[in-house]
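Take a look at the structure below.
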Amino acid sequence: MVIRLGVIGLGHWGPNYVRNFGYLSDRAKIVAVSDLNPRSFAKLASPTPGAVFYRDWQEMLAKEDLDAVIISTPAKTHFKIARICLLKNKHVLVEKPLALKVKEAKGLLTLAKSRRKILMVGHTFLYNLSVRKVKEYIDKGRIGRIYYMQAVRTHLGLIRDDVDAAWDLATHDVAIFNYLIGAEPQSVVACGGEYLKAGKKDAAFITLFYPAGILGNIQVSWIDSNKVRQIVVVGSKSRVVFNDLDSLEPVRVYKKGVSVERPVKDFGEFKLLLRDGDIISPKIEPREPLSLVCEHFIDCIKSRRRPITDGASGLAVVRVMCAIEKSMKNRGRLIKI
């Protein structure tokens, strides 16, 4: 059975979905695409043979016999489009974030469950093989006890109109942190600055408080001339760095750490155990994460398997992002999640 797909949104990210699903022609076929700009379709003529173009996505849903829909539109439209697609009994892959409100995200989960449809969120970094390698090191205990995680995601430009820098960039890191340690933060403190346009924060500093005393720190910015895409995990045995801009050595493991040597009764017995070891760069298979996203979506539809980035994980990210937004509006107040 070949899954019949429709793609809504051919802006910044949509063409990448079209290209990657084009490689899966034996399992899936893009039969229709929709975008407000007709010129966007001309660029996709080669990888979408026979696909019909629509300016109105609701007309596409009404006229085409689709099994599933990929939604790559501005974040503020995700809830409305995903809801209508689910109501029309389509499996849905929606770009991050799932929605901009917790109530809306919960509604989509409930609807997908009642319709028995796959609801998957495009948190692409969870399909990045480098991130999965870091997860492997954590799960095997090679990092030891996790102390904290740090993420920096900065660049100059690509400023969006629909959401601020936190919703645009920090959603990636919240999803990664939750995935790496298999937990959700319990509270958050965040502050942001409005330098280019009043009412929209283009830089933010975020601290997440996870169970077991694990801290998560995120720095995002649209206005920093130094482009950085880095995740650091610091533990008692080692420190692991994922640098998304380093194509040769995206993951480095620094086998250096510090921990308390043994339980102590008083300060006089307090001793630290310092570890000093090698720096390791594990081999990472060069696979495009989005291609794995597309393959996983098709596999989940056919096998009725729960996606790695299902609606529940998407809701967890939305819950955190709404708390971040509330903390920033209250000048860094601690917000429980």
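The mean of 1/r over all pairs of different alpha-carbon atoms in the range 1-103, once inverted, gives a Kirkwood hydrodynamic radius of 13.5 Å.
This model, with +1 at the C-beta of Lys and Arg and -1 at the C-beta of Asp and Glu, gives the range 91-145 a dipole about its Cα centre of some 200 debye.
Short-range pairs are left out: with C-alpha atoms under 8 Å and at least six residues apart, the relative contact order of the range 1-150 is 19 percent. Each Lys and Arg adds +1 at its Cβ and each Asp and Glu adds -1 at its Cβ; summed about the Cα centre, the range 57-197 shows a dipole of about 520 debye. In the chain, taking the dipole from charged Cβ atoms about the Cα centre, the farthest positive-side position among A151, L126, A312 is held by A312. Springs between alpha-carbon pairs under 10 angstrom, Gaussian network model over the chain: which of G182, G314, G216 fluctuates most? Most flexible of the set in this elastic network: G182. Taking only Cα atoms of the range 45-135, what ratio of Rg to Rh do you get with Rh as the Kirkwood inverse-distance radius? My calculation puts Rg/Rh at 1.02. Each 5 Å bin from zero up to the one holding the largest Cα-Cα distance in the range 83-142 carries the following percent of pairs: 4, 17, 21, 16, 12, 11, 12, 6, 1, 0.
Determine which aspartates and glutamates satisfy two conditions relative to K201: a Cα distance under 15 Å, and not lying fewer than 8 residues away in the same chain. Reachable aspartates and glutamates: D161, D162, D164, D168, D224, E325. Here the chain is treated with +1 on each Lys and Arg Cβ and -1 on each Asp and Glu Cβ, and its dipole about the Cα centre works out to around 840 debye.
Over the chain, what is the relative contact order in whole percent, taking alpha-carbon pairs under 8 Å and six or more residues apart? Before the final figure, lay out each step's value.
Values: 713 pairs, mean separation 61.7, N = 337.
Over the chain, the number comes to 18 percent.
Among 184-196, 159-171, the peptide with the highest mean count of other Cβ atoms within 10 Å heads the list, and the full ranking is 159-171, 184-196.
Cα centroid separation, the range 115-130 to the range 3-79: 18 Å. Kirkwood radius, the chain, all distinct C-alpha pairs, inverse of mean reciprocal distance: 21.3 Å.
In straight-distance terms, cross-link reach from K237 covers every one of the lysines whose alpha-carbon lies under 18 Å from its own, apart from those fewer than eight places away in the same chain; here that gives K133, K135, K140, K255, K256, K271. Per-residue Karplus couplings for the range 202-208, computed as 6.51 cos²θ - 1.76 cosθ + 1.60 with θ equal to phi - 60°, are listed in order as 9, 8, 8, 10, 10, 10, 10 Hz, Gly and Pro entered as x.
Here the Debye sum runs over all C-alpha atoms of the range 145-194 as equal scatterers in vacuum, and log10 of I(q)/I(0) at q = 0.13, 0.14, 0.18, 0.26 Å⁻¹ comes out as -0.39, -0.45, -0.70, -1.21.
Out of all DSSP beta bridges with both ends in the range 130-230, state the antiparallel percent to the nearest 5.
Details: 19 of 26 bridges.
In the range 130-230, approximately 75 percent of DSSP beta bridges are antiparallel ones.
For the range 195-248, pairs of C-alpha atoms spaced more than 14 angstrom apart make up 69 percent of the total.
Report the antiparallel proportion of the DSSP beta bridges in the chain as a percent, rounded to a multiple of 5. Intermediate results must be reported in sequence, preceding the final value.
Values: 42 of 70 bridges.
Percentage antiparallel, nearest 5: 60.
Any idea what angle helix 102-115 forms with the longest principal axis of the chain, computed on alpha-carbon atoms, 0 to 90 degrees, nearest 10? It works out to around 60 degrees. Let me know the shape class of the range 20-63, please: from the alpha-carbon gyration tensor, a ≥ b ≥ c as square roots of the eigenvalues, rounded when a/c is under 1.5, otherwise prolate if a/b is greater than b/c, or oblate. Oblate, because a/c is 1.5 or more while a/b does not exceed b/c.
Couplings 3J(HN,Hα) for the range 307-324, derived from phi with the Karplus relation 6.51 cos²θ - 1.76 cosθ + 1.60 (θ = phi - 60°), are x, 4, 9, 7, x, 5, 5, x, 4, 4, 5, 4, 4, 5, 5, 5, 5, 4 Hz, where x marks Gly and Pro.
In Å², and per residue, what accessible area does the range 25-170 have when probed at 1.4 Å with the other protein chains present?
Dividing the accessible area of the range 25-170 by its residue count gives 46 Å².
Computed over the range 53-195, the P(r) tail beyond 21 angstrom holds 54 percent of alpha carbon pairs. Taking the average, over residues, of other Cβ atoms within 10 Å as the packing measure, peptides 299-312, 66-79 rank 66-79, 299-312 from highest down.
Counting only alpha carbon atoms, the long axis of helix 171-181 and the longest principal axis of the chain meet at about 60°.
The values are calculated or read from the model by the stated rules, or taken from the named source; none is laboratory data. Keep in mind that this is a model prediction, so the values were computed, not measured. Ideal geometry is used to build each Cβ from the backbone, glycine not excepted, and the neighbour counts take in all protein chains shown. When the accessible area is computed, the model is the full protein with side chains, heavy atoms only, and any ligands, DNA or RNA have been set aside. Shrake-Rupley method; radii C 1.70, N 1.55, O 1.52, S 1.80 Å.
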